[in-house]
Amino acid sequence: MKIDTAFITRLQNKDRKAQVAFYKFLSPKMYGICLRFANSRDDANDILQEGFIRVFQHINKFRGEGSFEGWVRRTIVNTAINYYKKEKKRGYKVELDYIKKKYISDESVIEKMSFKELIKIIRELPTGYRTVFNLNVIEGYTHKEIGAILGISENTSKSQLSRAKSALQKKLHEIKTKENID
Amino acid sequence: MIKPDQHINNILRQKFQNFEPEPPGHVWANIEKTLDAEKSFLVRNIIYVAAGILVIILLSAGYFSFYSTSNTMETEQFYLVMEKQNNIETTKVVIEEEQNDKSTVTDIETISEDKLLVEPVITAENNEIIVSETQEKEISEGENLNMFTLKKGFNETAVNANIDNMNKLSITSIYSLSYGQPYSSKGDDIFAVSKDNNKTNSGHWENTFFISPEFSLTNHDSITILNSYSIGMEASRYFNDNWFVRFGINASYTGDRGFAKIDYISNDLMGTYDDVYDVSFDTINGIITPYYHTKSVEVWDSIRHISVSEVTNRYLFAQVPVLLGYKNSIGQFNWYVYSGPAIGFQIAKWIDEPSVDGKEIEILDLNNKLPIRSTINYQLWIGGGIEYKLGQKSSLVIEPSYRYYFQSLYSDADYKFNTSGFALRFGFNYKLGH
């Protein structure tokens, strides 16, 4: 499917057929993002739903600068972040100590893992760690950008990522050990 | 060389690039539902659309009523009686206002035959006729000088007149159109001319200052809607003695009371015990007696609590009503009824923060059950009032009214219910103009 200017215009005109086609085309990719950011599958469904509604409602704000898919992706990511901001306000605290641990793991373990398993271990991370991990490792945001998005300092973002990686490493190590035993 | 960290990152990123699971079908169904709801906004909000149209109609009616009264004059009939005495033509002008049968007769001037052109000035307010000056003027046939057509008896005759301003009518000449000659009276001839008069109709403005408590008529399990207190000014435009449209602005201070559930851990004192830190012995009367040296030790522990805290949210709204009403008079009193839409705009809000007494507390979860009000609400006002006249222009007002809120006051989807209220308004009314 080609998303060109004409197609975007149809979306801006709220053409339902175009909306359906657009959703069918991009929703699997965006759902993958939602599953990585969400605490649960239900939350991921909510984020996807809310995200696409925002895309359709604010599509007129897309100025044609950069890729349209990138704009949609950012909208979905922002929706996911906002979804958990409430939780953060309710007392989610960030510890500022920076734990330096090597993020070394056997990549073969990761390669062998199914998406379901990977999602499961990512989901087991606390919301803050998971959000920073997703933004930095998968989405490619810098710590400065993450700090601006989440309203935290650059160092806090680094600390969160370090903790996320430590937790992931622990999980991966457990899986590896289990595999060796088996 | 790629750092191990970076390598793992790349593996994860690449792996997730191809991660495209199919979302469940109900997600699109929900999206479509929301999009459809937006599409049918007009249909869903038909009542507001109708209210908006009503507002526009009422405002237009008020606007045109105002300007028609100010700029367009009413037509009244005046009678001119002209008499001839001793070859000198005397013009006697009788003005009779047909509306109230009052008449004023005034000899305005005695003029000679060769000087027939007169210029009386008639002030419309008190029907006095004043001759300002007499001037001759050559009038050719067909010349139109703001002509007033005679309506009765003298079709061939016309009165040329100019309206000097809003309050004066000046007759510049009387002459015969048929012959191009000045008109000579034939005795007690009576004829009518049309005259534009600036006399206004009964339309006028009234301003009312209101203060009012509003009592909610709605009960809800988890929300107590507190009484509102309003202060405002409303202007009424009367189309005639009875019908009026009223609009204005009221500042309304209101609030809700509810509860918040707080899940927290506090460092609580569990109790004290005496800790023996030393034992000494002494011999009393040959008996060895131990002495226990103790100190009091406090035992603290982290205890999880769930408490309920009362919270009160306060709001300031600007309420803008547009009402259509009917008023009538009984002796010293006026009574009236009205109805119309009103819109409330949230100007400010003060949201209560749930709190727990104690210093060392860590809040685990805060579930504020009190929803926040929407920034805008739509109402229907139905009411009536009684005015006690203090004088010709002022009166005291008491006004009970019922208010129905079309949409829920709250944006939270779990609190979608309609509310209503009863307001008792007290006011001071002042009539503007004559």
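The values are calculated or read from the model by the stated rules, or taken from the named source; none is laboratory data. Everything quoted here is computed from the prediction, not taken from an experiment. Cβ coordinates were reconstructed from backbone atoms using ideal geometry, including for glycine residues, and neighbour counts include every protein chain displayed.
List of remarks:
- For residue B:362: the one exception among (1) closer than 30 Å to residue B:238 by Cβ; (2) loosely packed, with under 14 Cβ neighbours inside 10 Å: (1)
- Of the residues making up the range A:59-87, those that are over 17 Å from the mean Cα position of the chain (by Cα) and either outside any helix (DSSP H, G or I) or among the aromatic types (Phe, Trp, Tyr) (or both) are A:62, A:63, A:64, A:65, A:66, A:67, A:68.
- On the stretch given as the range A:1-32, residues that are more than 8 Å from chain B (Cβ to nearest Cβ) and polar (S, T, N, Q) total 4.
- The number of residues in the range A:33-54 that are within 7 Å of another protein chain (Cβ to nearest Cβ) and free of Cβ contacts under 8 Å to residues at least 24 places away in the same chain comes to 3.
- Test for residue A:66: is it surrounded by fewer than 20 Cβ atoms within 10 Å (Cβ to Cβ) and at positive phi: yes
- Residue ranges of strands (runs of 3 or more DSSP E) in the range B:343-411 with at least 2 members within 14 Å of chain A (Cβ to nearest Cβ): B:361-368
- Residues satisfying the stated conditions in the range B:1-45, i.e. modelled with pLDDT under 80, outside any helix (DSSP H, G or I), exposed (fewer than 15 other Cβ atoms within 10 Å of the Cβ) and of a type outside the set (Val, Ile, Thr): B:1, B:3, B:18, B:40
- Residue A:151 more than 22 Å from residue B:19 (Cβ to Cβ), without any contact (Cβ under 8 Å) to a residue 12 or more places away in the chain and touching an Asp or Glu at 6+ places or on another chain (Cβ under 8 Å): no
- Complete set of residues in the range A:30-44 that are surrounded by 17 or more Cβ atoms within 10 Å (Cβ to Cβ) and part of a helix (DSSP H, G or I): A:30, A:31, A:32, A:33, A:34, A:35, A:36, A:37, A:43, A:44
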